[in-house]
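This report concerns only the one structure given below.
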Amino acid sequence: MKLLKFKSLHEDPGILHADGVLLRMPRMEDFEQWLALRTASRKFLQPWEPTWDAGEHKRSSFRSRLKRYQSELKSGKAISFFLFTQSGKILVGGLTIANIRRGVSQSCTLGYWMGEEFAGQGIMQKAVRRIIPYVFDELKLHRLEAAAIKNNLRSVSLLEKCGFRFEGNVRKYLKINGQWQDHRLYAILSDDPRQ
């Protein structure tokens, strides 16, 4: 059953450019940079992410992660990107279009992370602004959702600057840093004004 109806179904969606930011699917050769960035940013990211097992930073776990990304792409459930500087040489973060639902929903969720060294420079804002037309014009979805822990002010600000609308608070929505956390739910629709 084909869940995605766009030209890059079952294929690497290629490279997306976003005003100085390059987005592409992760590759095995990214492991060393990914490990270095995740290690350097561990304390910075920990309050906003699910708890990671100790073994998740191993090369074999990264390889398994890439296989999962490919499987999710082929099944039409998710598309994962790494974010690089425009040259494609420096990894700065990641972004995922997940929980892709077709049928009457035609929606998906957005998740993202940024290395501490690169946070606050507007990089993720450029990447999210690039993903919005990709979701609506390429994937032909109707709704893009994102959630942020209410005290994650950077994430809340990012979503609002990118045109997402606050829709309400969701109780114990995601298990983050070992605790079920309340989140602020945001969404942007295909027919909403784009910034």
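Which one is surrounded by the fewest Cβ atoms within 10 Å (Cβ to Cβ), of the residues in the range 76-104 that are modelled with pLDDT under 95 and among the hydroxyl-bearing types (S, T, Y)?
Here the answer is S87.
Just the residues that are surrounded by 16 or more Cβ atoms within 10 Å (Cβ to Cβ), closer than 22 Å to L45 by Cβ and in contact with a strand residue (DSSP E or B) (Cβ under 8 Å, 6 or more places away or on another chain), please, taken from the range 131-157.
I131, E145, A146, A147, A148, I149, S155, V156
If E32 passes every condition in (1) part of a helix (DSSP H, G or I); (2) under 20 Å from D137 (Cβ atoms) but one, which one does it miss?
E32 satisfies every listed condition except (2).
Test each condition in (1) under 18 Å from the mean Cα position of the chain (by Cα); (2) not in a loop (DSSP other than H, G, I, E, B) for K172 and report the one that comes out false.
Result: K172 passes all but (1).
The values are calculated or read from the model by the stated rules, or taken from the named source; none is laboratory data. Quantities reported herein were computed from a predicted structural model and do not represent experimental measurements. Note: ideal-geometry Cβ built from the backbone for every residue, glycine included; neighbour counts use all protein chains shown.
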